[in-house]
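Enquirer: This is the structure I have questions about; it appears just below.
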Amino acid sequence: MLGAAQQREALTGTPALIADLGDAVLHHQRCADGVPTLWVERQRLPQVLRQLRDRFPMLLDLFGIDERLREHKPEAAADFTVVYHLLGLERCEECRIKVAVNPPDAVPSVRDIWPNADWYEREAWDMYGLEFSGHPNLRRILMPPTWEGHPLRKDHPARATEMEPFSLDEHKQAREQEALRFRPEEWGMQRATEDTEYMFLNLGPNHPSVHGVFRIALQLDGEVIVDAVPDIGYHHRGAEKMGERQSWHSFIPYTDRIDYLGGVMNNLPYVMAVETLAGIEVPARAQVIRIMLAELFRISSHLVFYGTFAQDVGQMSPVFYMFADRERLFGIVEAITGGRMHPAWFRIGGVAQDLPTGWERLVREFIDGMPARLDHYQKMAMNNGILKRRTVGIGAYSQQEAVDWGITGPALRATGVDFDLRRDRPYGGYDQFDFEVPLGHRGDCYDRAAVRVEEMRQSLRIIRQCLDNMPAGPYKSDHRLATPPPKERTLLDIETLIHHFLNVSWGPVIPAGEASFAVEATKGINNYHLVSDGGCNSYRTRIRTPSFPALQQIPLISRGLMIPDLIAIIASIDFVMADVDR
């Protein structure tokens, strides 16, 4: 009988894929997740990706790996690797294309194939110093412009204590100030034409409407937006670097802070990627508990979006009502997990604890009362004429544009693309649940909100099924890499004592290999790509977040509009900057 990884490869038709690409394929790498992973010649990369685009229309992710210290590296690997993670929506299939790079060799840019490759290539240059020939603007995107070195290289320090103490003399201060000087030409903008002298305006990085430390440099012709260039990185904390220094278990709390409104939803792709690497099966009860908590956090995140969306277009009351509902929801989360926004409660192999006595009553009261509240909010906000005039037809993009820019989640479904990982490639037990996938048709600000509003109703439907059909059994796997031996057995023999001690101090040793796991998170697809070198921590942790490509699309959907329209667009995207900058 084929394992899950082999079944996935068989479904994708890996041999046929290799045959189609011919001698451009240098090596087929088998990964723990079964995603076809093919190494191709660097110079033939654009040809290969163009050939694959019809079947895999979305560039889901693009990132680098420093292979220099890796003991179990693939046979085709060089000093660095550039990974292209492709997604096919029609059959919900994936493919990874890898290119080996020895700097200063450059990789051909693929911006002309997928426009969202722009920021991903800049990030790979910023983090690794990898060059992309044909890219017009390879400059810092997450790090400050004066930063020295490339942080995700293995020879770059992982902690501040490994670096010289910070100092700021007059010369350095002048250099830093000069680096902040705004020059429109560096942002791809003209100062004037023969007929018009443009005005430039900073929106952010400290402005309530940008939902975090986020800056947009606006080029204005009077009140009309000529260009709107996003500037990110103010919130960069180096989460991927942290993933390489923490043990497999101790990195879980860090994941909560990625989409800080998503709570345990952030834990899910990480622990499931580790479980895929280790071959850990999660008990049915733990799966349903995970789904229930994840959907509670989907509602929590959408309530924040709903209230702030209405507030940004001029309504004051809704946000207070919706935050009150969020507080009630947090009361349930706290009763179950002991935490509120960041419970860090999922574990490799299950969850931290079983459900407490009385959880059913708390959950049932919430889901019984919430539909009427949503009906009230529909009249208060979504049916409000002013909100509709501010949002209908504003910031619209087509299905093709959404796919080109790597837009996922509610923002993709708002264009009418009927795609949801929970239904189309069920994970973690979602195949046992009955729910609908809400769709829009205009792809504008209003539809992006309407889809999220309906998603809350569907989440309530899923939670009710969890409540009514919660299976009995263990809340965590008894796999030796997930759960230490019982404490009482450690007193009986030295081997069990050593196993217990190592598991709770250093953490498990995960088999060498690679695996990705993607979930339908609150804002779109959240994907963790983990590389294990057979140790107690990750060799490479890549976090693909939905907000990063979404902000990249702002210039496309805001040109020709006015600043109040841009505020509505920003509100409708539903992003948090920790999800962008990581």
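The values are calculated or read from the model by the stated rules, or taken from the named source; none is laboratory data. This one's a predicted model, so the numbers in the text were calculated from it and none came from an experiment. Virtual Cβ from ideal backbone geometry, glycine too; neighbours counted across all protein chains shown.
Enquirer: If residue 506 satisfies every condition in (1) of a type in the set (Phe, Trp, Tyr); (2) without any contact (Cβ under 8 Å) to a residue 40 or more places away in the chain; (3) under 17 Å from residue 251 (Cα atoms) but one, which is the exception?
Expert: Among (1) of a type in the set (Phe, Trp, Tyr); (2) without any contact (Cβ under 8 Å) to a residue 40 or more places away in the chain; (3) under 17 Å from residue 251 (Cα atoms), the lone unmet condition for residue 506 is (2).
Enquirer: Continuing with the same structure: Name the residues in region 202-219 that are free of Cβ contacts under 8 Å to residues at least 24 places away in the same chain and either assigned by TED's automatic domain parsing to the domain that holds residue 313 or over 29 Å from the mean Cα position of the chain (by Cα) (or both), would you?
Expert: none
Enquirer: Of all residues in region 23-45, count the ones that are surrounded by fewer than 19 Cβ atoms within 10 Å (Cβ to Cβ) and part of a strand (DSSP E or B).
Expert: 4
Enquirer: Out of 422, 413, 448, which single residue is of a type outside the set (Phe, Trp, Tyr) and farther than 30 Å from residue 469 by Cβ?
Expert: 448
Enquirer: Mind checking whether some residue in region 12-19 is among the polar types (S, T, N, Q) and at pLDDT 90 or above?
Expert: Checked region 12-19: no residue is among the polar types (S, T, N, Q) and at pLDDT 90 or above.
Enquirer: Quick one: which residue in 452, 448, 442 is among the basic types (Lys, Arg), in the same structural domain as residue 305 (by TED's automatic domain parsing) and assigned to a loop (DSSP other than H, G, I, E, B)?
Expert: Of 452, 448, 442, the one residue that is among the basic types (Lys, Arg), in the same structural domain as residue 305 (by TED's automatic domain parsing) and assigned to a loop (DSSP other than H, G, I, E, B) is 442.
Enquirer: Can you tell which of 264, 226, 271 is of a type in the set (A, V, I, L, M), more than 15 Å from residue 508 (Cα to Cα) and either touching a helix residue (DSSP H, G or I) at 6+ places or on another chain (Cβ under 8 Å) or part of a helix (DSSP H, G or I) (or both)?
Expert: Of the residues listed, the single one that is of a type in the set (A, V, I, L, M), more than 15 Å from residue 508 (Cα to Cα) and either touching a helix residue (DSSP H, G or I) at 6+ places or on another chain (Cβ under 8 Å) or part of a helix (DSSP H, G or I) (or both) is 264.
Enquirer: Something else about it: Could you tell me whether region 157-166 includes any residue that is exposed (fewer than 15 other Cβ atoms within 10 Å of the Cβ), in contact with a Pro (Cβ under 8 Å, 6 or more places away or on another chain) and assigned by TED's automatic domain parsing to the domain that holds residue 28?
Expert: no
Enquirer: Would you pick out the residues in region 318-354 that are at pLDDT below 90 and hydroxyl-bearing (Ser, Thr, Tyr)?
Expert: Once the filter is applied, which keeps residues that are at pLDDT below 90 and hydroxyl-bearing (Ser, Thr, Tyr), region 318-354 yields nothing.
Enquirer: If you don't mind, another one. Identify, please: which residue in region 118-156 is part of a loop (DSSP other than H, G, I, E, B) and among the charged types (D, E, K, R) and is, among those, surrounded by the fewest Cβ atoms within 10 Å (Cβ to Cβ)?
Expert: My answer is 148.
Enquirer: Kindly provide the set of residues from region 295-324 that are of a type in the set (A, V, I, L, M, F, W, C) and touching a residue at least 60 places away in the same chain (Cβ under 8 Å), ordered by number.
Expert: 296, 297, 299, 303, 305, 309, 310, 313
Enquirer: Keeping to region 482-529, report how many residues are modelled with pLDDT of 85 or more and under 34 Å from the mean Cα position of the chain (by Cα).
Expert: 22
Enquirer: Just wondering, is there one or more residues in region 89-112 that are among the basic types (Lys, Arg) and assigned to a strand (DSSP E or B)?
Expert: There is at least one residue in region 89-112 that is among the basic types (Lys, Arg) and assigned to a strand (DSSP E or B).
Enquirer: Looking at 367, 336 in this structure, which one is over 30 Å from residue 277 (Cα atoms), in a helix (DSSP H, G or I) and of a type outside the set (Ser, Thr, Tyr)?
Expert: Step by step, each of 367, 336 is checked, and only 367 is over 30 Å from residue 277 (Cα atoms), in a helix (DSSP H, G or I) and of a type outside the set (Ser, Thr, Tyr).
Enquirer: Working carefully through the options 281, 334, 244, 240, find the one that is surrounded by fewer than 24 Cβ atoms within 10 Å (Cβ to Cβ), on the phi < 0 side of the Ramachandran plot, without any contact (Cβ under 8 Å) to a residue 12 or more places away in the chain and of a type outside the set (A, V, I, L, M, F, W, C).
Expert: Result of the check over 281, 334, 244, 240: 334.
Enquirer: Within region 437-477, work out how many residues are free of Cβ contacts under 8 Å to residues at least 24 places away in the same chain and of a type in the set (Asp, Glu).
Expert: 2
Enquirer: Could you tell me whether region 344-352 includes any residue that is within 18 Å of residue 522 (Cβ to Cβ), within 25 Å of the chain's Cα centre (by Cα) and in a loop (DSSP other than H, G, I, E, B)?
Expert: The answer is yes; a qualifying residue exists.
Enquirer: Identify all residues within region 525-569 that are surrounded by fewer than 19 Cβ atoms within 10 Å (Cβ to Cβ), under 21 Å from residue 69 (Cβ atoms) and hydrophobic (A, V, I, L, M, F, W, C); write none if there are none.
Expert: Within region 525-569, just 536 meets the criteria.
Enquirer: Follow-up. Of the residues 258, 289, which single one is surrounded by 24 or more Cβ atoms within 10 Å (Cβ to Cβ) and in a helix (DSSP H, G or I)?
Expert: 289 is the lone residue from the list that is surrounded by 24 or more Cβ atoms within 10 Å (Cβ to Cβ) and in a helix (DSSP H, G or I).
Enquirer: Note down all Cβ pairs under 9 Å where the first residue falls in region 91-116 and is in contact (Cβ under 8 Å) with a residue 60 or more places away in the chain, the second is of a type in the set (Asp, Glu) and in a strand (DSSP E or B), and they're at least six residues apart or on different chains.
Expert: Filtered contacts from region 91-116: 96/514.
Enquirer: Could you tell me whether region 307-323 includes any residue that is more than 18 Å from residue 265 (Cα to Cα), in a loop (DSSP other than H, G, I, E, B) and touching a Cys at 6+ places or on another chain (Cβ under 9 Å)?
Expert: yes
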